[in-house]
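Here's the structure we're looking at; comments come further down.
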Amino acid sequence: MADEKLSEVEKFWKKREEKLGAKIEFYSYATLIGECGSGKMNGRGGLFYVVADRVYFEDFERQNALMAMFNRKDSDYEKTEISFLLSDIKSMRKISEKWGKACISEGSLSEKIPELKGFMTFFTRGYSIIFLKDRSPLVLEIMEDEAFKKYIPDN
């Protein structure tokens, strides 16, 4: 009976918590721009969330309005799901869109990318770059990036 009163969003989060066996501590909308050095821009929006000691990102298929009219799905869509331990985050900083795209094309740039700060933050679209242990850095646009930083150990 109680489940009937839950919204679709509440049902979604409840299912995630049951699947992962813990409460969701943080969530935000995010766009995965790509992985440094991969040469592949993703650009898909999805959910970025923290459960216990892990970070998750999963995207959702965007449905083309014309295809939706005919009840068809995009056959090229591949779901993206990423997870990593919070303790695997070495650092996170804000970078400009230009440098984020450059990093995806040329991974060796990642350590040399200047942080986006000060006056330029008002005029430049910013992304977050997350440096991880044993994995290439990830470039994301996280809507609640400042709120997420408090979950990063030693931050």
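When only residues in the stretch 105-125 that are not in a helix (DSSP H, G or I) and not hydrophobic (A, V, I, L, M, F, W, C) count, which is most open to solvent (accessible area, probe 1.4 Å)?
In the first step, residues of the stretch 105-125 are kept if they are not in a helix (DSSP H, G or I); the result is 106, 113-117, 123-125.
Remaining after also requiring not hydrophobic (A, V, I, L, M, F, W, C): 106, 114-115, 117, 124-125.
On the way: Glu106: 92, Pro114: 63, Glu115: 90, Lys117: 138, Thr124: 40, Arg125: 120 Å².
The extreme case among them is Lys117.
Among the residues of the stretch 83-104 satisfying the criterion of being hydrophobic (A, V, I, L, M, F, W, C) and not in a helix (DSSP H, G or I), which is surrounded by the most Cβ atoms within 10 Å (Cβ to Cβ)? Steps first, answer last, please.
Residues of the stretch 83-104 hydrophobic (A, V, I, L, M, F, W, C): 84-86, 89, 92, 95, 99, 102-104.
Filter once more, keeping what is not in a helix (DSSP H, G or I): 84-85, 89, 92, 95.
Numbers: Phe84: 17, Leu85: 13, Ile89: 21, Met92: 19, Ile95: 23.
Result: Ile95.
Is at least one residue of the stretch 70-89 touching a helix residue (DSSP H, G or I) at 6+ places or on another chain (Cβ under 9 Å) and at pLDDT 90 or above?
Within the stretch 70-89, none of the residues are touching a helix residue (DSSP H, G or I) at 6+ places or on another chain (Cβ under 9 Å) and at pLDDT 90 or above.
When residues of the stretch 25-62 are filtered for being in a strand (DSSP E or B), open to solvent by 30 Å² or more (accessible area, probe 1.4 Å) and more than 13 Å from Ile82 (Cβ to Cβ), how many remain? Quick ask: steps written out before the conclusion?
Of the stretch 25-62, the ones in a strand (DSSP E or B) are 25-35, 44-51, 54-59.
Remaining after also requiring open to solvent by 30 Å² or more (accessible area, probe 1.4 Å): 25, 27, 29, 35, 44, 47, 54, 56.
From the residues that got through so far, the ones that are more than 13 Å from Ile82 (Cβ to Cβ) too are 25, 27, 29.
Adding up the residues that qualify gives 3.
Go through the stretch 135-155 and give me each residue that's in contact (Cβ under 8 Å) with a residue 40 or more places away in the chain, acidic (Asp, Glu) and either at positive phi or part of a strand (DSSP E or B) (or both).
Residues of the stretch 135-155 in contact (Cβ under 8 Å) with a residue 40 or more places away in the chain: 135-145, 147-149, 151-153, 155.
Add one more test, that the residue is acidic (Asp, Glu), and what stays is 141, 144-145.
Glu141, the sole residue that qualifies.
Limited to the stretch 92-134, what total is found for residues that are at positive phi and touching a residue at least 24 places away in the same chain (Cβ under 8 Å)? Working first, answer last.
So in the stretch 92-134, the residues at positive phi come out as 118, 134.
Cutting the leftovers down to touching a residue at least 24 places away in the same chain (Cβ under 8 Å) gives us 134.
Number of matching residues: 1.
The values are calculated or read from the model by the stated rules, or taken from the named source; none is laboratory data. What you see is a predicted model, and the numbers here were worked out from it, not measured in a lab. A quick note on method: Cβ atoms are made from the backbone with ideal geometry, for glycine too, and the neighbour counts reach across all protein chains shown. Note: areas computed on protein heavy atoms with side chains; ligands, DNA, RNA excluded. Shrake-Rupley method; radii C 1.70, N 1.55, O 1.52, S 1.80 Å.
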